[in-house]
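Data block below; observations after.
What follows is calculated from the coordinates using simple rules that are stated; it is not laboratory data. Computed from a predicted model, the values in this text were never measured in an experiment. So basically every Cβ, Gly included, is an ideal-geometry build from the backbone, and we count neighbours across all protein chains shown.
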Amino acid sequence: MSQLALPLRLQDHAVFESFLPAGNETLVAFLIDIVANANGPGGWLRGATATGKTHLLQAVCERAGDHAQFLPLAEFADVSPAILDGLANRRFVCLDDVDAVAGNGDWELGLFRLYNALTDTGGVLICSAASAPRDCRFSLPDLVSRFSRLPTFNLHPLNESARIEALQLRARHRGLELPTESAGYLLSRSTRDMASLYALLDKLDAEAMVAQRRLTIPFVKEVLGLNRVR
């Protein structure tokens, strides 16, 4: 068992079924296959904020169950890399925002040892970052060399029609029906990154449950406070 004793809960929506693969079909198929067959060495996911990197890493862990460990390094960059000890006992290790510890010698050495240990045990390492390994400003050349062996995938952002489809998919996964016109209205009245849109959808879900209302445009306006007199 891993020595990592942290209450890291996966988000309930972070599954493959709620991820719209538009433009990223090859990556999603790769991850589903790697979980099914546990064939290493793993992969490197690169992309801008809110393109789905965290969702996909958590989806891998959700499907792999107790054989996997998810660790968001941006949240633990200020603690000891000793939390990596024992992770090689897991079949799948998913490290989010690996570039958050770039330049930290202790962390880089810990990641180097983890990579080698997973290689020895036949484990699978899946990492996410904003850039490719050679562009993450790691100071340990051997770590860059190891990370560069992982197949790299670029996450492509969704266009407007795909954003609407992604919102509707997430809504259906939560048992909601989000009409196309309501999704379009939401897209036109809010920050356009998917993380912000999903957060608004969560708010609409909670409000709709209390009010027993459908996600119509008037209801969306009401929740967003757009019906108030100015």
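List of remarks:
- When PHE19, PHE147 are arranged by Cβ crowding within 10 Å, least crowded first, meaning fewest neighbours, the order is PHE19, PHE147.
- At 1.002 mPa s and 20 °C, Stokes diffusion of the chain via Kirkwood alpha-carbon radius, µm² per second: 113
- Mean ellipticity per residue at 222 nm, deg cm²/dmol - from DSSP H runs of n ≥ 4 across the chain, formula -39500 (n - 2.57): -13500 deg cm²/dmol
- As a rough footprinting exposure proxy, the listed residues CYS127, CYS136 were ranked by other beta carbons within 10 Å of their own, and the order from fewest upward is CYS136, CYS127.
- Efficiency of FRET from Cβ geometry, ALA38 and LEU109, R₀ 30 Å, rounded to 0.05: 0.65
- Among ASP85, ASP135, ASP97, the ranking by other beta carbons within 10 Å of each residue's beta carbon, starting with the fewest, stands as ASP135, ASP85, ASP97.
- When only alpha carbons are used to place a centre, segment 8-39 and segment 111-179 end up 10 Å from one another.
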